[in-house]
């Protein structure tokens, strides 16, 4: 979820062979054929999962945060993935083969975990990861393994930014912001897209305001704030930025930062908290009277049933919270099928029996693999990657989703709604009402971000 918070040297240290370059580039884009040729020279054990080494079984490997700060979100993603696998197996599997899924916690050595999923568990394809920092750190390892990977929970735009000429290679420069690897795709919207939706709503409904920021003290929080300001400027809105506070990730006490924001008398507060941090911020901000003092509060990816359930009746009504997916935002048969399957499997679990904000895209990623593998008729990584480039999955819960051929970013909407206790949710707490969905193209993003040095990642 959160973006990179390690140094470049530490990222490189997570890989097998030190620094990874993007030698197969053309106009900033990674060249898939060069990558696949290079991957073909790797060890036999590294490619065991790519050739369908599982025999009569299609094997999916996944890695999520299943402990600590984001445990609830990682578990929600795991649940959605297992629900998709169960649905596929009930309907004949993939090319008549049963599907098995192995999901592991990030652990202390996530790159090693990824390798194990391929080399020991013979995973044919991969999904994950809850942390953008871990995603960026393990991307060179994923590239070296050659297995198709769909990121379902990663926010940083860098992961799907391909133009190294314009934004610099993330793995070769401390200023680099382009980190696309040829076998990595993303099924969810990214931070660039999320912050655009909030900036656009504010531009259309409020205009120029006194805006303060609060977010977690690492690169994800900083990225959200920078992209929000860049999009606001691109939209022609001249906000006055009056304060910016970054409590530490997982902070138990945010009251000093909340009071600092209040002392600067903002009209709006922009935040980038998620999971436990979103719960801490909202509960303590309510105690400090922040929601009574400002006109509105906006949060990027805090709109999740686990957050609202934990807060109970503490959530103030009428503030704006966004996410990659909200269960009632999409009225179509494929979303309903997902919700029905999820409820049937998890209604007795001690978590909300509706999927979290990572659910739709995780279910969609697994179901996309089914269609792609059946389309190419094999588990060959080359064929799967080729088919995924530009592939449109019509049966996604969010509506038809296309994986851009250049960036590998899914063209999917983001949701933004207001908190309300008048919506029907299967837990004690608020839900989202008045939901709006935002989309944006790469060309539109490039125009709005012009001069900021920030890449769209789409």
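The values are calculated or read from the model by the stated rules, or taken from the named source; none is laboratory data. The structure displayed is predicted, hence computed values, not measured ones. Glycine gets a Cβ as well: all are built from the backbone with ideal geometry, and neighbour counts include every protein chain shown.
Before moving on, here are some points about what is shown:
- Among the criteria (1) surrounded by fewer than 18 Cβ atoms within 10 Å (Cβ to Cβ); (2) touching a residue at least 40 places away in the same chain (Cβ under 8 Å); (3) not assigned by TED's automatic domain parsing to the domain that holds residue 284, the one residue 344 does not fulfil is (2).
- Among (1) over 30 Å from residue 137 (Cα atoms); (2) without any contact (Cβ under 8 Å) to a residue 60 or more places away in the chain; (3) under 21 Å from the mean Cα position of the chain (by Cα), the one test that residue 239 misses: (3)
- Search result, residues across segment 122-136 that are at pLDDT 95 or above, within 26 Å of residue 218 (Cα to Cα) and surrounded by fewer than 24 Cβ atoms within 10 Å (Cβ to Cβ): none
- Flag: residue 340 does not match the condition of being out of contact with any helix residue (DSSP H, G or I) (no Cβ under 7 Å at 6 or more places or on another chain), in a helix (DSSP H, G or I) and within 23 Å of residue 259 (Cβ to Cβ).
- Flag for residue 230 being touching a residue at least 24 places away in the same chain (Cβ under 8 Å), assigned by TED's automatic domain parsing to the domain that holds residue 440 and at positive phi: no
- Residues that are out of contact with any strand residue (DSSP E or B) (no Cβ under 9 Å at 6 or more places or on another chain) and farther than 17 Å from residue 80 by Cβ within segment 351-389 comprise 375, 376, 377, 378, 380, 382, 383, 386, 387, listed in sequence order.
- Members of segment 419-458 that are closer than 21 Å to residue 355 by Cβ and crowded, with 19+ Cβ neighbours inside 10 Å: 419, 425, 429, 430, 431, 432
- Residue satisfying all of: in segment 163-178; surrounded by 24 or more Cβ atoms within 10 Å (Cβ to Cβ) and within 28 Å of residue 73 (Cα to Cα); nearest to the chain's Cα centre (by Cα) among these: 178
- With respect to the stated conditions, residue 277 fails to be touching a residue at least 12 places away in the same chain (Cβ under 8 Å), surrounded by 24 or more Cβ atoms within 10 Å (Cβ to Cβ) and in contact with a strand residue (DSSP E or B) (Cβ under 6 Å, 6 or more places away or on another chain).
- Residue in segment 256-303 that is farthest from residue 68 (Cα to Cα), counting only those that are under 23 Å from the mean Cα position of the chain (by Cα) and part of a helix (DSSP H, G or I): 282
- Counting only residues that are in a loop (DSSP other than H, G, I, E, B) and over 25 Å from the mean Cα position of the chain (by Cα), segment 304-317 holds 2 of them.
- Screening 431, 360 for residues that are under 21 Å from the mean Cα position of the chain (by Cα), under 13 Å from residue 308 (Cα atoms) and modelled with pLDDT of 95 or more leaves exactly one candidate, 431.
- Within segment 390-414, the set of residues being modelled with pLDDT of 95 or more, under 21 Å from residue 360 (Cα atoms), part of a loop (DSSP other than H, G, I, E, B) and touching a strand residue (DSSP E or B) at 6+ places or on another chain (Cβ under 7 Å) comprises 390, 391, 400, 404, 408.
- Here is the figure for segment 183-212: residues that are crowded, with 24+ Cβ neighbours inside 10 Å, more than 14 Å from residue 157 (Cα to Cα) and either in contact (Cβ under 8 Å) with a residue 40 or more places away in the chain or more than 20 Å from the chain's Cα centre (by Cα) (or both) total 6.
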